[in-house]
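Student: This is the structure I want to talk about, given as structure tokens.
Coordinate-derived values only; no laboratory data. Just so you know, these numbers come straight off a predicted model, no measurement behind them. Methodologically, a virtual Cβ is constructed for each residue, glycine included, from the backbone with ideal geometry; neighbour enumeration extends over all protein chains shown.
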Amino acid sequence: MSSKSTRVPRRDLLKAAGLAAGVVGLGGVAEAFPTKPTNRGGMRAGEKTRVLRIAHLTDMHVQPELEAERWFGDCLRHVQELEDKPDIIFQGGDAIMDGLGVGVPRARLQWDLFKKIMRSSCSLPVEHCIGNHDVWGWNQQKSGATGRENLYGKAWAMEALDLKERYRSFDKAGWHFIVLDSTMNAAEKIYTARLDQEQFAWLQQDLERTDKETPILIMSHIPIISASAYFDEENEKTGVWMVPDKWMHIDARRIKNLLGKYKNIKVCISGHIHLVDRVDYNGISYLCNGAVCGNWWKGPYQEYPPGYAVINLYADGSFDHEYKAYGWQGTGG
Ligand SMILES: [Zn+2]
């Protein structure tokens, strides 16, 4: 998402939140209002066995301005200094402020900064996902790109994040993990959120060949299903609930139909909206996990401060999660 597209007057938001509360559970901010009791330690005798603790950091939007470098570093330190330290970071995409509409020097500056902070402040293993703002040059008018450059599109992000594929899956700690690529080129609209045919066919095969007893977590940058994607003031003007195809997967129906066939899919995690919510649908929990940059480094975004989610995965296929603020309230601006 971009910051301009989602400015919603607070009173409207509260109304919308009240409306939505009966349908879906909205997630909470760590210390302020927890979503669920967390299972700290998680491995006490007689309890289920925790097999992996993930810190899901999404929407860093790293840039030289607004102290983003300092605070992203602080966020990484906060993760690693937790009393119950996560095993791994899942980087949910939008690592940099924007690559879509900037020239080579600005894109390079942002990626260099992101890599520098990761090198200096992160000693945990990281699994990366590509966000829409990580794509270089698709807004050719603004970026000046022709489309023929070696680093055009997702190539730059894949090189910077050391990714061989734009989507992939892997096994770890008795779980199966799928990382999707949500961002598809859409001519003058720049991008839309959906899976291309090749990726959808791969996803079908990947789910089919995964042991049916193995629990699955899916990470995408853009949510497949999200409650907070509905918080747009246009809805109240038009009287029609509308969610742009840039905010939430436009192929959500096709994806949920596929996912619904596999009872071992437990949780789908995303970012992009910069808000925190949880939708439980047909046996799968869809978590939208806020943003490290909050309101694009200008403070909290609507109800949610800059933060990240911690997700505990258990051997029996269950999970729990909480959203943690790491202390930054923004410099204004
Ligand atoms: Zn995004």
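Student: Quick one: check the C-alpha center-to-center distance for segment 185-249 versus segment 74-104, whole angstrom.
Tutor: Cα centroid of segment 185-249 versus Cα centroid of segment 74-104: 21 Å apart.
Student: If you wrap segment 161-309's Cα atoms in a convex hull and average its projection over all directions, what's the area in nm²?
Tutor: Orientation-averaged projected area of the Cα hull: 10.5 nm².
Student: Could you give the nm distance between label points at residue 70 and residue 261, where each point is 7 Å from its Cα heading toward the beta carbon?
Tutor: 5.3
Student: Same structure again: Rounded, prolate or oblate for segment 194-275? Axes are the square roots of the Cα gyration tensor eigenvalues, ordered a ≥ b ≥ c, and the cut-off for rounded is a/c under 1.5.
Tutor: Prolate, since a/c reaches 1.5 and a/b exceeds b/c.
Student: If I stretch the segment between residue 196 and residue 245 completely, what's the gain in nm (0.36 nm per residue apart, minus their alpha carbon distance), one decimal?
Tutor: Using 0.36 nm per residue and subtracting the Cα-Cα distance, I get 16.2 nm.
Student: Okay, moving on. Mind checking the full-extension length gain between residue 168 and residue 155? Use 0.36 nm per residue of separation minus the Cα-Cα distance, one decimal, nm.
Tutor: Extending this stretch completely gives an extra 3.1 nm.
Student: Another question, if that's okay. Over the Cα atoms of segment 206-249, each weighted equally, I'd like the Debye log10 I(q)/I(0) at q = 0.20, 0.23, 0.27, 0.33 Å⁻¹, rounded to two decimals.
Tutor: Those come out to -0.71, -0.81, -0.97, -1.15, one per q.
Student: Per residue of segment 159-166, what does 6.51 cos²θ - 1.76 cosθ + 1.60 with θ = phi - 60° give for ³J(HN,Hα)? Whole Hz please, x for Gly and Pro, Karplus curve as stated.
Tutor: Working through the residues one at a time gives 5, 5, 9, 6, 9, 8, 10, 7 Hz.
Student: Where does each of 214, 183 land when they are ranked from fewest to most other beta-carbon atoms within 10 angstrom?
Tutor: Lowest count first: 214, 183.
Student: Fewest to most neighbouring Cβ within 10 Å: what's the order for 167, 152, 304?
Tutor: 152, 167, 304
Student: Further question on the same structure: Taking R0 as 30 Å, what's the FRET efficiency between residue 85 and residue 214 from their Cβ-Cβ distance, rounded to 0.05?
Tutor: Result of the calculation: an efficiency of 0.75.
Student: Rank the residues 303, 67 as a footprinting-exposure proxy: fewest other Cβ atoms within 10 Å of their Cβ go first.
Tutor: Starting with the residue having the fewest Cβ neighbours, the order is 67, 303.
Student: Now for a different question. Ordered by packing density, taken as the mean number of other Cβ atoms within 10 Å over each peptide's residues, highest first, how do 120-126, 270-276 rank?
Tutor: 270-276, 120-126
Student: Going by amide H atoms built from the backbone, whose H comes under 5 Å of the H on residue 191, apart from near neighbours?
Tutor: Amide H to amide H, under 5 Å and 5 or more residues apart or across chains, residue 191 pairs with 186.
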